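Visitor: I have a structure I would like to understand better, so I am pasting it below and will then ask my questions one at a time.
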Amino acid sequence: MNNKIAGRLISKLGFWVLVLTAIVLVSFPLLWMALSSLKPSVELFKTPPAFFPRNPSLVWYGKAFTDSTVLRYFINSLIVAVSTMIIDSVFGTMGAYSLTRFKYRGRKLIIAAVLSAYCIPPIMLMTPLYRIIAGLGLNSSYLGVIIGHVCVTFPFCIWILISFFKRVPKEIEEAALMDGASAFKTFYRIVLPLCVPGILSTGIMAFILSWNEYLLSSVLVSSDTMKTLTVGLANYISSTEIDWGTIMALGTATTIPIIILFTAIQKYFVEGLTAGAVKG
Amino acid sequence: MQGRNIKAIDNLRKGSYSKRQLLGILFIAPTVLFLAVFILYPVLYNICLSFTNAKLMKSTTSFVGLENYKKLFTSTVFPKYLWNTVTWTVFSVIGQLLLGFGFALLINRKNMRFGTAFRSFLLIPYVVPAVALALVTKWILNGDYGIASTWLQSLGLIDHRQSLLAMPGTAMTVLIIINIWRSYPFPMLIYWAALKGIDKGLYEAAYVDGAGRFQTFLHITIPYLKEPTIVLAVLRIIWTATYFDLIWMVTGGGPAGSTTHLPIMIYQASFGTFQTGYASAISVILGMLLFICVAFYVKNSVTSED
């Protein structure tokens with residue numbers, strides 16, 4: 001009897017030790033970035049470093065956000081990410097609805113094409129896309145970067161959206177059609193409202209992917225004022241004198257809004273992903 | 001069955017039948033157009049470029065046949081970079097699947113206090129910008145002030161002012177670990193969904209028959225996870241073998257080419273030495289190596305679609 005209780009206690013203790021280890025491992029890099037960004041120079045470059053800042057200060061943030069190029073990077077990233085989000089949501093919704101609710105020739109082929117596109121990574125699109133965008137005269141323009149970002153996010157979005165549309169019961173639509181509603185009205189009035197959480201969370205996911213995108217942004221933009229945040233940040237590190245404090249502050253400022261957005265939608269995202277992305 | 005119902009209703013209202021179809025076609029048109037112009041065309045264009053001597057800034061190109069491929073296969077660094085790609089991919093994928101599975105077991109525990117919060121927390125690395133992760137990695141491993149480096153130095157494991165990222169023997173290992181950190185959430189979610197899908201009655205029946213926890217794990221849980229594992233591995237192999245950002249921003253392929261994999265090689269050919277044709281040839285070869293994976297994934301997903 002005693003043995004059983006002891007065994008359960010050990011198992012419970014072991015479980016919480018594992019949970020704690022996981023928390024430490026996952027949070028360490030992010031925590032260290034945030035803590036470093038709050039340390040003034042004296043503490044930042046002390047060896048060995050102390051874990052927590054003794055005199056936390058926002059001096060690096062002040063330095064970063066009074067720099068007009070940094071503000072420009074933020075605005076560029078915002079414009080590109082919001083545009084990508086809107087394009088992906090609107091056309092993704094239309095495409096996903098069509099693929100789940102209509103029967104026409106070539107439907108399966110299009111689904112296969114969407115999935116294949118999902119598997120084509122940015123590194124393989126980089127070289128031809130650079131030439132195409134430059135050929136269109138869109139180098140260093142918002143439109144050029146947005147096209148690039150739509151290329152790498154759209155297939156993913158449509159794939160997740162399909163899983164949301166699939167869960168709308170067909171009977172509801174049939175009832176509407178029976179009552180004489182037109183096909184478009186059925187979609188607009190009945191199906192769309194039911195899918196708003198799914199579409200919204202997919203759109204935010206597109207925003208996050210676009211905000212984080214680095215490779216195509218770096219290739220499709222050559223002028224400094226049109227750079228996105230990720231590219232601007234990455235350039236800081238290759239400069240000869242690395243300003244670690246500012247870099248940590250900018251890294252933290254880039255990451256925090258994304259974590260907040262993701263936490264807000266992750267419930268829907270988890271539903272969509274586990275239902276659609278990988279089916280064994 | 002339900003599809004037939006809709007069809008029946010449509011046939012009932014003959015007038016709207018073609019109209020309804022029209023909406024479906026209208027809705028899919030932008031997707032098809034987009035896929036054709038910005039995915040299919042670049043892929044085909046890339047293949048064409050690989051047979052030319054195209055340069056980044058030059059507009060005149062001429063056909064050179066298999067010259068770029070010959071150059072690649074006779075290149076002395078290609079075998080090494082290919083091997084780096086394999087090492088990077090295999091260990092990253094195995095690592096993220098194992099860690100994802102372990103975390104899935106943790107969050108699958110019923111009635112766990114703060115269970116939902118813990119799950120949300122574990123998902124965070126999925127969205128952390130690669131650039132932020134790369135920068136903090138460089139900071140943690142900075143030879144002069146990095147917390148991990150100073151610690152390793154004080155233990156005498158590495159030389160004074162040395163960093164794991166500056167040593168050819170360890171840089172790749174560090175990158176793989178960081179990559180596992182950022183990519184386990186996806187496998188975790190998939191495994192978690194699969195675990196939830198296992199019929200609880202199976203476990204109860206096994207316990208009644210006197211099976212222990214380990215036995216049920218071995219004979220019920222593991223077989224159930226075989227299929228998700230295969231699909232996950234295939235998908236992650238594609239993503240990892242072609243993943244560029246992290247390595248580029250942390251080591252740039254160095255030191256001494258020890259972390260250069262094929263994506264870095266493509267980038268350097270394209271934007272380092274401006275040999276567009278050569279870069280295209282490398283990406284065609286990388287694409288061919290991964291084609292079997294893509295074909296398997298697409299076929300598998302489309303089949304389970306209906």
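Please treat every number below as a calculation from the coordinates, not as lab data. Just so it is clear, the structure is predicted and the values come from calculations on it, not from any experiment. When we count neighbours, we look across all protein chains shown, and the Cβ atoms used for this are built from the backbone with ideal geometry, even at glycine.
Visitor: Kirkwood hydrodynamic radius of the stretch A:59-276 from all distinct Cα pairs, in Å?
Guide: Roughly 19.1 Å, rounded to one decimal.
Visitor: Out of all Cα-Cα pairs in the stretch B:93-180, roughly what percent, to the nearest whole number, are more than 18 Å apart?
Guide: Numbers: 2182 of 3828 pairs.
Here the long-distance tail beyond 18 Å is 57 percent of all Cα pairs in the stretch B:93-180.
Visitor: Right, next: Using modelled amide H (1.01 Å from N, peptide plane; none on Pro or chain starts), what sits under 5 Å from the amide H of B:Thr52, excluding residues fewer than 5 places away?
Guide: The answer is B:Val64.
Visitor: Residue by residue, what Karplus-based ³J(HN,Hα) values in Hz, rounded to whole numbers, does the stretch A:7-21 have, using 6.51, -1.76 and 1.60 with θ = phi - 60° and x for Gly and Pro?
Guide: For the stretch A:7-21, the Karplus-derived couplings read x, 5, 4, 4, 5, 5, 4, x, 4, 5, 4, 5, 4, 5, 4 Hz, x marking Gly and Pro.
Visitor: Still on this structure: Could you give me the ³J(HN,Hα) list for the stretch B:260-273, computed from phi with Karplus coefficients 6.51, -1.76, 1.60 and θ = phi - 60°, whole Hz, x at Gly and Pro?
Guide: 7, 10, 4, x, 5, 4, 4, 4, 5, 5, 6, 10, x, 10
Visitor: So which lysines pass the test for A:Lys46, namely a Cα distance under 28 Å, with those fewer than 8 places away in the same chain ruled out?
Guide: Straight-line reach from A:Lys46, under 28 Å: A:Lys63, B:Lys138.
Visitor: Continuing with this model, one more query. With every atom except the alpha carbons ignored, what do you get for Rg and Dmax of the stretch A:2-44, in angstroms?
Guide: Cα only, the stretch A:2-44: 17.9, 56 Å (Rg, Dmax).
Visitor: Let me ask something else. Straight-line reach only, C-alpha to C-alpha below 20 angstrom: list the lysines that B:Lys71 could link to, leaving out same-chain residues fewer than 8 apart.
Guide: Qualifying lysines at Cα under 20 Å: B:Lys55, B:Lys80.
Visitor: Calculate how steeply helix A:192-212 sits against the longest principal axis of the alpha-carbon atoms of chain A, using the helix alpha-carbon long axis, and give the answer as 0 to 90 degrees to the nearest 10.
Guide: 40
Visitor: Taking just the C-alpha trace of chain B, give me its Rg and Dmax in Å.
Guide: Values for chain B (Cα only, Rg and Dmax): 25.1, 83 Å.
Visitor: If the cut-off is 20 Å between C-alpha atoms, which lysines fall inside it for B:Lys196, apart from same-chain ones fewer than 8 positions away?
Guide: A:Lys267, A:Lys279, B:Lys110, B:Lys226
Visitor: Return the Cα extents of the stretch A:179-265 along principal axes one, two and three, sorted largest first, each rounded to a whole Å.
Guide: So the three principal-axis extents are 70, 28, 17 Å.
Visitor: Can you pull the one-decimal nm distance between simple spin-label points at A:Thr225 and A:Thr47, each 7 Å off the Cα toward Cβ?
Guide: Calculated label separation equals 4.3 nm.
Visitor: Could I ask something else about it? Would you mind computing, in nm to one decimal, how far apart the modelled labels at A:Thr263 and A:Ala175 are, each placed 7 Å from Cα along Cα→Cβ?
Guide: 3.9
Visitor: Gain in length, B:Tyr203 to B:Asp144, computed as 0.36 nm per residue apart minus the alpha-carbon separation, to one decimal in nm?
Guide: 15.8 nm
Visitor: Please turn the phi angles of the stretch A:115-123 into ³J(HN,Hα) values with the Karplus equation 6.51 cos²θ - 1.76 cosθ + 1.60 (θ = phi - 60°), one per residue in order, whole Hz, x for glycine and proline.
Guide: Each residue's phi maps through the Karplus curve to give 5, 5, 4, 4, 8, 8, x, x, 4 Hz.
Visitor: Using the Kirkwood radius built from alpha carbon pairs, what does the Stokes-Einstein equation give as D for the protein assembly as shown at 4 °C and 1.567 mPa s, in µm² per second? Provide the component values of the computation, followed by the final result.
Guide: Working: Rh = 26.0 Å.
Rounded to a whole number, D works out at 50 µm²/s.
Visitor: Work out the FRET efficiency for B:Phe291 and A:Asp67 from their Cβ-Cβ distance, taking R0 = 56 Å, and round it to the nearest 0.05.
Guide: 0.75
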